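Take a look at the structure below.
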Amino acid sequence: MKTVLSAIIVSVVAFLSMTGASWAQRKAEPGTFDYYVLSLSWSPTHCAKNQGDADPDQCGVERKFGFIVHGLWPQYSNGGYPATCTRDRTVPRAVVDATMPVMPSVGLIVHQWTKHGTCSGLPVTDYFAQVRKAFAKVKIPEALQAPKSDLSIPATQVERLFVQANPGLEPESVALICAKRDVAEVRLCLNKDLSFMPCGAKVVDRCRRDALLTAAP
């Protein structure tokens, strides 16, 4: 009886392992996703958080970036996302140069291609063209276009300003991410044609009530 039971258990485990593997493989297929999240990083918060280890292209003394592109991420509607769908880490120099004005870090560009871009189903040149197109579609509110020493805006107001500045953008399409009480990212949910859409599961606000967007020192 024990032998039969053991055999059944082994068979079930093997089946579940095969099912899990095939599921993971299916989910990691390039181009198989439901929508994009465009993540805009508030550069002052990023640079303050990573002092001593920040990319000088983004955080050097003369760099005064506001919102930059952190990434354009393929997502699943029910939560989660595909990642590292191929082993390709090659981003041509011309693509890097064209993307640096909106994503000012070579390391970030390569990382975003490897982890997220390879799952888009697009060639590297087309993926970063999509990144730039997505960023160009979004109007950064005038009050948030550059860090100023006296800048201090509640997180709830940041969301409201983005909605007001972008026709068709609804609160359900925006999620704010904070590092402690500092606004770090604004995430916008986009269809594959880059039109605004409600965010799927797990793309939600992650900020304290007292969170602020500032020109972090």
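The values are calculated or read from the model by the stated rules, or taken from the named source; none is laboratory data. Please read all numbers here as calculations on a predicted model, not as lab measurements. FYI the Cβ positions are ideal-geometry reconstructions off the backbone, even for glycines, and counts take in every protein chain you see. The accessibility values were calculated without ligands, DNA or RNA, using every heavy atom of the protein model including side chains. Shrake-Rupley method; radii C 1.70, N 1.55, O 1.52, S 1.80 Å.
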query = Ordered by packing density, taken as the mean number of other Cβ atoms within 10 Å over each peptide's residues, highest first, how do 194-200, 82-88 rank?
reply = 194-200, 82-88
task = Any of 137/202; 180/202; 148/202 with alpha carbons more than 27 Å apart? Name them for me.
result = 148/202
query = How high is the relative contact order of the stretch 75-115, in percent, with contacts defined as C-alpha pairs under 8 Å that are six or more residues apart?
reply = 47 percent
remark   = For residue 36, the accessible surface traced by a 1.4 Å probe with all protein chains present amounts, in square angstrom to the nearest 10, to 10 Å²
inquiry  = Rounding to the nearest 10 and keeping the result within 0 to 90°, find how far the Cα-based axis of helix 155-165 lies from the longest principal axis of the chain.
reply    = 80 degrees
Crossing angle, helix 2-27 versus the chain [Cα axis fit, 0-90 degrees, rounded to tens] = 30 degrees
remark   = The summed charge of the residue 104 Cβ neighbourhood (under 10 Å; Lys/Arg +1, Asp/Glu -1) stands at -1
remark   = Heavy-atom accessible area per residue of the stretch 107-217, all protein chains kept, 1.4 Å probe, expressed in Å², is 49 Å²
query = How high is the relative contact order of the stretch 170-217, in percent, with contacts defined as C-alpha pairs under 8 Å that are six or more residues apart?
reply = 44 percent
Extreme residue, positive dipole direction of the chain, given options 178, 66, 99 (C-beta unit charges) = 178
ask   = Along the positive direction of the dipole of the chain (beta-carbon charges: Lys, Arg +1; Asp, Glu -1; about the Cα centre), which of 30, 162, 138 reaches farthest?
value = 30
query = Just how large is the dipole of the chain about the Cα centre, in debye to the nearest 20, putting +1 at every Lys and Arg Cβ and -1 at every Asp and Glu Cβ?
reply = 420 debye
message = Could you work out what % of the accessible surface of the chain is carbon and sulfur, using a 1.4 angstrom probe and leaving DNA, RNA and ligands out of the count?
response = 57 percent
request  = Evaluate the distance, in nm, between pseudo-label points positioned 7 Å from the Cα of residue 152 and of residue 126 along their respective Cα→Cβ axes.
outcome  = 4.9 nm
key: With all protein chains modelled, accessible area of residue 174 [1.4 Å, Å²]   = 10 Å²
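Relative contact order of the chain, please, whole-number percent, based on alpha carbon pairs below 8 angstrom and at least 6 residues apart.
25 percent
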